[in-house]
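The values are calculated or read from the model by the stated rules, or taken from the named source; none is laboratory data. All values reported here derive from a predicted model rather than from experimental measurement. In this analysis, Cβ positions are derived from the backbone assuming ideal geometry, glycine residues included, and neighbour counts consider all displayed protein chains. The accessibility values were calculated without ligands, DNA or RNA, using every heavy atom of the protein model including side chains. Shrake-Rupley method; radii C 1.70, N 1.55, O 1.52, S 1.80 Å.
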Amino acid sequence: MDGKMKAVVLHGPDDYTVDLIDIPKPGRDEVLVKIMGVAICGSDPGLFSGAKRNNGWPPKYPFVLGHEFAGQVVELGENVTKFRIGDRVAGEAHCGCGHCEMCMKGFYNLCLNYGKEGSGHHHYGHNTMGCYAQYEKYNVKALTALPDSLSYDEGTLVDTAGTAYNAIRLTGIEPGGYTAIIGPGPMGLLAMEIANAMGSQTIVIGRGHRLEVAKKLGATYTVNFEETKDVVEEVRKITGGYGAHQVIECAGNTSAFMEAVQMARKNGQVAFITIPGEDGQMVAGKSLVMNQITLHGVRANPNCSSTVINLMAQKRINAKALITHTFSIDQIHEAFETFIYRKDGAVKVVVHPND
Ligand SMILES: [Zn+2]
Ligand SMILES: [Zn+2]
């Protein structure tokens, strides 16, 4: 497809405009996707501001960010048999090289050729161009078919839900047990829905409007840390004194990394989803050893998309309830302000590049 398209072009730290740029040409094993929705990720403000340039995100200016999308296949590159024109798809950010040791084991989120040009590795919306645009080309490995019963808006949450599921999968949910989730943002709320679907009781720790959303979406218990002296004590009380079987940390503050370990029961499992700014993050070392806790770092969502799409289709994940606002691409600045300042109870904000 020849021609120009609208894209949110980042010219420098926090300097972005909607510009007309060339529509990308899909190469071998790639398809061109008409982007029907792109959700603003919790990590996007830091990517836009330049705070994550030490990770190589973005590698240069100008750049197009965005990685949580759904859309329609409109052009096939060479060698593509997985999709046909017109197929509806949801995307994920990580595309491994496919042949390194980690990729061969299924951990393409940890590809050993990360960022190596020409290796076949892409981290879309991070070091490879992303989807705050009307079109983007993707390797077929980064795309999963979206059933007709799910809207494109719901499809934009597949990437986030996949990461939440990866955390749940790593901790190995115990049906009938307790899963504590710190931080009821989109990630925490999705982790809660998945834990509920797997038969766990859920304890969500947070405050304000988002804690109310957690209650509405089925949290078994909620703990408001502003009204509670000691959240660890509160979780122990709820769990008969023993603590939670699994703890999922989605809050990203120093105390959450401490408390997550402290509120786990003996032999419990703890997953950290938020990425600390650097090494040196404190965890509760004594509790960790004395209670024989297992820690899991959670990076993205390898082989999770079809599972969460099925959970959405079965209505076990209510993605729709998390999408509070939608904007056109021309309203991108307003969309970001709404998301960052959580205006009008904003949880997940979706941009429609083709409206
Ligand atoms: Zn994301
Ligand atoms: Zn690889």
Practice problem: On the protein heavy atoms, probe 1.4 angstrom, tell me the percent of accessible surface of the stretch 297-355 carried by carbon and sulfur. | Solution: 42 percent
Practice problem: Multiply the residue separation of Arg299 and Lys116 by 0.36 nm, subtract the distance between their alpha-carbon atoms, and state the gained length in nm to one decimal. | Solution: 64.0 nm
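For a protection proxy built on the mean count of beta-carbon atoms within 10 angstrom, sort 204-211, 154-161, 175-182 highest first, please.
Listed from highest to lowest mean packing, they are 154-161, 175-182, 204-211.
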Quiz item: Given Lys6/Lys320; Lys216/Lys320; Lys105/Lys348; Lys116/Lys137; Lys52/Lys82; Lys34/Lys320, which pairs have Cα atoms separated by over 23 Å?
Solution: Lys6/Lys320; Lys105/Lys348; Lys52/Lys82
Quiz item: Remind me, what semi-axes does the stretch 75-164 give for its equivalent ellipsoid, largest first in whole Å, using sqrt of 5 times each Cα gyration tensor eigenvalue?
Solution: 22, 15, 13
Quiz item: Can you give the extra length, in nm with one decimal, that the chain gains between Tyr242 and Ile340 once fully stretched, where that is 0.36 nm per residue apart less the Cα-Cα distance?
Solution: 31.6 nm
Practice problem: Using only the Cα atoms, work out Rg/Rh for the stretch 1-134, with Rh taken as the Kirkwood radius, to two decimals. | Solution: 0.96
Exercise. Within 10 Å, count the other beta carbons around each residue, average over each peptide in 11-21, 136-146, 297-307, and list them highest first.
Key: 136-146, 297-307, 11-21
Quiz prompt | Cβ crowding within 10 Å averaged over residues, with 257-270, 62-75, 212-225 ranked highest first | solution = 62-75, 257-270, 212-225
Quiz prompt | Set of aspartates and glutamates near Lys315 by C-alpha distance (under 16 Å), chain-local residues within fewer than 8 positions excluded | solution = Asp148, Asp153, Glu154, Glu193
Quiz item: Can you work out the base-10 log of I(q)/I(0) for the stretch 248-355 at q = 0.11, 0.18 1/Å, using the Debye formula on its C-alpha atoms alone?
Solution: -0.55, -1.05
Quiz item: Quick one: if you take sqrt(5λ) for each eigenvalue of the C-alpha gyration tensor of the stretch 163-297, what semi-axes come out, biggest first, whole angstrom?
Solution: 19, 16, 15
Quiz item: Based solely on its DSSP helices, what 222 nm [θ] is calculated for the chain when runs of n ≥ 4 H residues each add -39,500 (n - 2.57) and the sum is averaged over all residues, nearest 500 deg cm²/dmol?
Solution: -7000 deg cm²/dmol
Practice problem: Sorted from largest down, give the three principal axis spans of the alpha carbons of the chain, whole angstrom values. | Solution: 64, 46, 39
Practice problem: Determine the per residue accessible area of the stretch 163-297 with all protein chains present and a 1.4 angstrom probe, expressed in square angstrom. | Solution: 45 Å²
Practice problem: List the DSSP H helices in the chain whose Cα atoms stretch 15 Å or more along the helix axis and whose mean Kyte-Doolittle hydropathy is at least 0.5. | Solution: 186-197
Practice problem: Work out, step by step, the length gained on full extension between Ala145 and Leu288: first 0.36 nm times the residue separation, then minus their alpha carbon distance; give nm to one decimal. | Solution: 47.4 nm
